[in-house]
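First the structure, in the form of structure tokens, and then the observations on it.
The values are calculated or read from the model by the stated rules, or taken from the named source; none is laboratory data. Bear in mind that the values here come from a model prediction, so they are computed numbers and not experimental data. So basically every Cβ, Gly included, is an ideal-geometry build from the backbone, and we count neighbours across all protein chains shown. Note: areas computed on protein heavy atoms with side chains; ligands, DNA, RNA excluded. Shrake-Rupley method; radii C 1.70, N 1.55, O 1.52, S 1.80 Å.
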Amino acid sequence: MANIDSAKKRARQSEKIRSHNAALRSELRTAIKKVRALIQNGSAEQARTEFNLTQSRIDAMASKQIIHKNTASRYKSRLSASIKEMNS
């Protein structure tokens, strides 16, 4: 446990930021699962629409460094490939 006031404040800030980041990460994972569910159900048009929304969320999380940029790229690539596979 921190003894110095500035260290106590930093601990409070870190906890607040951590919980905010966790909420954003959870929101992102939910959006990805939603796209995967639509792909699984065979709803190509809905999956494409939802993917476009999710893609912007993924980019936003990467720009805020909630997730790594390569992770964001991997998510987008795999979802896009799954949607393309549905159409063929």
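Relative contact order, whole percent, for the chain stands at 28, derived from Cα pairs under 8 Å and 6 or more residues apart.
Taken over the chain, lysine pairs spaced eight or more positions apart, or on distinct chains, with alpha carbons under 20 Å apart number 9.
Entry comment: accessible area of the chain is 74 Å² per residue, from protein heavy atoms only and a probe of 1.4 Å. Extension gain for the segment residue 85 to residue 68, taken as residue separation times 0.36 nm less the Cα-Cα distance, is 3.5 nm to one decimal. The Cβ shell under 14 Å around residue 16 holds other residues with a net charge of +4, Lys and Arg each +1, Asp and Glu each -1. Split the accessible area of the chain by element, probe 1.4 Å, and carbon with sulfur accounts for 48%. The equivalent ellipsoid that matches the C-alpha gyration tensor of the chain spans semi-axes of 37, 11, 8 angstrom, in descending order.
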